[in-house]
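Novice: Pasting in a structure now, in structure tokens, and then I'll have a few things to ask.
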Amino acid sequence: MMHLIMLGPPGSGKGTQGEMVAQALGLPHIATGDIFRQAVKESTKMGRKAQLYMERGELVPDEVVVGIVSERLKKPDCKGGFVLDGFPRTVAQAEALNGILLGLGKKLDGAILLEVEREILVERLSGRRVCRQCGATYHLEHTPPGEPDRCDKCGGQLYQRKDDGEETVRRRLNVYAEEAGPLEAYYQERGLLRIVPANQPIKMVFADILRKLGRGQ
Ligand code: ADP
Ligand code: ADP
Ligand code: ZN
């Protein structure tokens with residue numbers, strides 16, 4: 001039973017590590033960004049609303065995100081825990097999460113903070129490619145697909161996220177910087193923050209996370 005959240009700036013590896021941790025612990029990996037991108041693809045009402053914010057690199061309003069997470073965490077696959085990635089991003093969302101978990105009779109076990117310097121984030125985001133079909137993430141240099149522009153897992157086409165363009169990346173990093181301090185303090189005060197230096201090879205970051213969760217070798 002583990003209820004975890006992944007914190008860190010865009011490009012720090014939340015998606016990559018969140019997926020690996022979830023697999024290792026047999027938990028669902030729930031990424032709010034993925035949920036929004038799916039809704040945009042399906043052009044639902046919520047998707048069309050979220051898209052306006054995502055394209056600008058701004059945060060989708062708290063009440064929209066909180067509603068989605070609240071519904072998602074009630075699903076039966078979250079019974080034994082979850083790895084939540086990309087939520088919370090503000091103290092208001094952190095407080096809302098507390099309320100949601102309280103209502104479900106659960107509590108958070110850890111907040112994993114991936115720390116990476118800004119220049120490296122820019123390089124990671126500009127080289128990021130995502131599968132249009134299954135959402136798998138690659139990097140042109142660090143984790144290239146076997147065949148150019150094809151997903152190794154499902155054969156889907158890879159694309160560059162619109163919000164990974166230079167200007168939007170700058171905006172997203174600034175938005176993160178504004179919210180990060182209070183959010184980290186929130187979990188630090190509750191004894192839940194686990195800081196992981198994430199400018200290391202993917203496997204080493206992963207090993208470090210497991211160690212800090214008391215699951216390492
Ligand atoms: P986030 O979800 O925090 O935005 P991602 O997991 O999508 O971050 O990673 C951003 C990009 O950096 C992706 O292209 C990913 O393949 C790559 N990446 C992730 N972790 C590492 C790492 N430890 N070293 C090098 N590249 C990485
Ligand atoms: P990254 O991991 O690169 O930061 P995400 O895929 O997590 O990006 O998020 C993409 C976009 O989706 C964000 O820039 C924001 O517009 C929206 N989003 C995702 N999660 C949240 C959240 N918890 N609160 C507000 N907006 C969010
Ligand atoms: Zn794929």
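Novice: Give Q17, Q23 a once-over and let me know the one that is in a helix (DSSP H, G or I), under 28 Å from G110 (Cα atoms) and within 12 Å of the chain's Cα centre (by Cα).
Specialist: Values: Q23 fails: within 12 Å of the chain's Cα centre (by Cα).
The match here is Q17.
Novice: Check off (1) basic (K, R); (2) under 25 Å from Q188 (Cβ atoms); (3) at pLDDT below 95 for K106 and give me the number that stays unchecked.
Specialist: (3)
Novice: A follow-up question, please. Where the second residue is polar (S, T, N, Q) and the first is within 21 Å of R56 (Cα to Cα) and lies in the range 15-43, which pairs have Cβ atoms under 7 Å and are six or more apart or on separate chains?
Specialist: That search, which allows pairs on different chains as well, returns G15/T137; V40/Q51.
Novice: To continue, here is another question. Test I112 against the criterion of being within 16 Å of ligand 1 (Cβ to nearest atom), among the hydrophobic types (A, V, I, L, M, F, W, C) and under 17 Å from the mean Cα position of the chain (by Cα), and give yes or no.
Specialist: Values: within 16 Å of ligand 1 (Cβ to nearest atom): yes; among the hydrophobic types (A, V, I, L, M, F, W, C): yes; under 17 Å from the mean Cα position of the chain (by Cα): yes.
Answer is yes for this residue.
Novice: For residues that are outside any helix (DSSP H, G or I) and either of a type outside the set (A, V, I, L, M, F, W, C) or modelled with pLDDT under 95 (or both), scanning just the range 47-79, find the one that is nearest to ligand 3 (Cβ to nearest atom).
Specialist: Filtering the range 47-79 for residues outside any helix (DSSP H, G or I) gives 57-61, 74-75, 79.
Then drop every residue that is not either of a type outside the set (A, V, I, L, M, F, W, C) or modelled with pLDDT under 95 (or both), which leaves 57-58, 61, 74-75, 79.
Working: G57: 25, E58: 28, P61: 30, K74: 28, K75: 23, K79: 27 Å.
The selected residue is K75.
Novice: Please note which strands (runs of 3 or more DSSP E) are completely contained in the range 110-217 and include at least 3 residues that are touching a strand residue (DSSP E or B) at 6+ places or on another chain (Cβ under 9 Å) and within 16 Å of ligand 3 (Cβ to nearest atom). Spell out how you get there, then give the answer.
Specialist: Working: elements: 110-115, 128-131, 137-139, 193-197.
So the answer is 128-131, 137-139.
Novice: For the range 39-46, state whether one or more residues are within 16 Å of ligand 3 (Cβ to nearest atom) and assigned to a helix (DSSP H, G or I).
Specialist: Restricting attention to the range 39-46, the residues satisfying the condition of being within 16 Å of ligand 3 (Cβ to nearest atom) are 41.
When the remaining residues are screened for being assigned to a helix (DSSP H, G or I), the result is 41.
Yes, the conditions are met somewhere in the range 39-46.
Novice: Picking from L158, L193, L173, which residue would you name as being away from ligand 2 (no atom under 15 Å from the Cβ) and under 19 Å from E55 (Cα atoms)?
Specialist: Values: L193 fails: under 19 Å from E55 (Cα atoms); L173 fails: away from ligand 2 (no atom under 15 Å from the Cβ).
Testing whether each residue is away from ligand 2 (no atom under 15 Å from the Cβ) and under 19 Å from E55 (Cα atoms) leaves just L158.
Novice: Continuing with this model, one more query. Within the range 129-138, identify whether any single residue is more than 9 Å from ligand 1 (Cβ to nearest atom) and farther than 21 Å from V40 by Cβ, and answer yes or no. It would help to see each step written out before you state the result.
Specialist: Quick first cut of the range 129-138, residues more than 9 Å from ligand 1 (Cβ to nearest atom) only: 131-136.
From what's left, farther than 21 Å from V40 by Cβ: none.
No, because not a single residue in the range 129-138 is more than 9 Å from ligand 1 (Cβ to nearest atom) and farther than 21 Å from V40 by Cβ.
Novice: Follow-up question, since we're still on this one. Does the range 95-103 include one or more residues that are in contact with a Ser or Thr (Cβ under 8 Å, 6 or more places away or on another chain), in a loop (DSSP other than H, G, I, E, B) and surrounded by 13 or more Cβ atoms within 10 Å (Cβ to Cβ)?
Specialist: No, the range 95-103 has no match at all.
Novice: Of all residues in the range 1-38, which are hydroxyl-bearing (S, T, Y) and either closer than 12 Å to G135 by Cβ or within 16 Å of ligand 3 (Cβ to nearest atom) (or both)?
Specialist: Taking the range 1-38 and keeping what is hydroxyl-bearing (S, T, Y), we get 12, 16, 32.
Across the range 1-38, the qualifying residue is only T16.
Novice: Looking at (1) without any contact (Cβ under 8 Å) to a residue 24 or more places away in the chain; (2) touching a helix residue (DSSP H, G or I) at 6+ places or on another chain (Cβ under 7 Å), which is the only condition V60 fails?
Specialist: The failed condition is (1).
The values are calculated or read from the model by the stated rules, or taken from the named source; none is laboratory data. All figures in this text were calculated on a predicted structure; none of them were measured in a lab. Glycine also receives a Cβ, built like all others from the backbone with ideal geometry; neighbour counts cover every protein chain displayed.
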